[in-house]
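The values are calculated or read from the model by the stated rules, or taken from the named source; none is laboratory data. Bear in mind that the values here come from a model prediction, so they are computed numbers and not experimental data. Note that each Cβ is placed from the backbone with ideal geometry, even for glycine, and that neighbours are counted across all protein chains shown. Each accessible area value is taken on the protein alone, full model and side chains, heavy atoms only, with ligands, DNA and RNA left out. Shrake-Rupley method; radii C 1.70, N 1.55, O 1.52, S 1.80 Å.
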Amino acid sequence: MLSFIFRRLVAGIFLVFAVSVVAFFLLYAGGGDIARRILGQNATEETVALKAQQLGLDQPLITQFWNWISHAVTGDFGVSWFSSQPVTTSLSSRLAVTLTLVIGTTIVAAIVSVILGVLAARRGGWIDAVVQFVAVIGFAIPGFLIALYLVLWFAVGLGWFKATGFIPITTSFTGWLSSITLPIAALSLSAIAAVAQQIRGSVSDALSRDYVRTLRARGLGMNRVVYRHVLRNAGGPALAVLAVQFVGLLGGAVVIEQVFALPGIGQLTVSATSSGDIPVVMGVVVATAIIVVIVNLLIDLAQAALNPKVRLS
């Protein structure tokens, strides 16, 4: 187990490094006259040259990368070119919002998907038809459109939840719940559509296996067979889909955070990209890559814990 975790962590470090290299050279090589973009078209050539020198942009690209990576490994991703705020400070203050949104969505999607998937596989009939319909709706309707409808109905119309903004849980639990419920609901539908379909198919396949008939012949109740044995076998593929959904949710959160005016990574990414604040963009890229590596490792460990037949190798 420890050997597997060590190998995955080493592979993850190489992955983060590779992502950093590609992102850095794409951003800086394709950035054009960065100093001119920062100062504007009215700046003189001398001012632009001085700004480029201050930012180190007059040095060779490989030297710029070495300077960046040598500081990044110590946790120093530089400062924003526009606000002069350290990138790590910008990320830490916003990462909590995005992770709250994405982790909350993943938990909701996992619970609802297991319920819907098992019900559809066991009951069939109209319940299966409803689950299939919900899956199609979840795939077909974009998350931002669902978000807009939720805001109009439950925030503006009924006034049950906050329409925009985020309240930390340390400030007010009910306020936090009110500010995060609609964004999680908007992101959850597509994730539920994918995971519920996977669980439905896996459970249906497992229910037709011989060991299920053997367990039933020994007198075990159907609920015990399903929740103690069938779900263990069906859980592996569902966890893999859930991991893919988690990574996708990080991208989907960009749009949802804009709709609900949540101060998360997505909003920071949009503003940094549109303004050409490359140090902030690099910080977001590296943080996202690290999160993906950690999630994949946790999913592998969860699969091994769920099903002892899974061998970590």
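Listed values, structure above:
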read-out	value
Per-region count, the stretch 211-226, residues in a helix (DSSP H, G or I), open to solvent by 40 Å² or more (accessible area, probe 1.4 Å) and free of Cβ contacts under 8 Å to residues at least 40 places away in the same chain	7
Subset of the stretch 107-153 (residues that are assigned to a helix (DSSP H, G or I) and within 20 Å of Gln267 (Cβ to Cβ))	Gly143, Phe144, Leu145, Ile146, Ala147, Leu148, Leu150, Val151
Selection within the stretch 130-184 - aromatic (Phe, Trp, Tyr) and touching a Phe, Trp or Tyr at 6+ places or on another chain (Cβ under 7 Å)	Phe154, Trp160, Phe161
Residue in the stretch 152-172 that is farther than 23 Å from Thr100 by Cβ, assigned by the TED database to the domain that holds Gly117 and among the charged types (D, E, K, R) present	no
Ala305 vs. criteria among the hydrophobic types (A, V, I, L, M, F, W, C), open to solvent by 20 Å² or more (accessible area, probe 1.4 Å), farther than 30 Å from Gly56 by Cβ and without any contact (Cβ under 8 Å) to a residue 24 or more places away in the chain	yes
Residue, nearest to Val270 (Cα to Cα), within the stretch 60-82, restricted to residues that are open to solvent by 60 Å² or more (accessible area, probe 1.4 Å) and touching a residue at least 40 places away in the same chain (Cβ under 8 Å)	Phe82
Any pair with Cβ under 7 angstrom, 6 or more apart, that starts in the stretch 137-154 at a residue that is within 23 Å of Leu250 (Cβ to Cβ) and ends at one that is open to solvent by 60 Å² or more (accessible area, probe 1.4 Å) and part of a helix (DSSP H, G or I)	Gly143/Val255; Phe144/Val255
Filter pass, Thr89 being within 24 Å of the chain's Cα centre (by Cα), open to solvent by less than 50 Å² (accessible area, probe 1.4 Å) and under 30 Å from Thr181 (Cβ atoms)	no
Qualifying positions in the stretch 1-33 - touching a Leu at 6+ places or on another chain (Cβ under 6 Å) and open to solvent by less than 30 Å² (accessible area, probe 1.4 Å)	Phe4
When residues of the stretch 137-158 are limited to those that are open to solvent by less than 50 Å² (accessible area, probe 1.4 Å) and at pLDDT 80 or above, the one farthest from Ser113 (Cα to Cα)	Ala155
Test: residue in the stretch 116-131 that is more than 30 Å from Ala194 (Cα to Cα) and touching a residue at least 40 places away in the same chain (Cβ under 8 Å)	no
Residue match in the stretch 53-60 (condition: out of contact with any helix residue (DSSP H, G or I) (no Cβ under 9 Å at 6 or more places or on another chain) and not assigned by the TED database to the domain that holds Val130)	yes
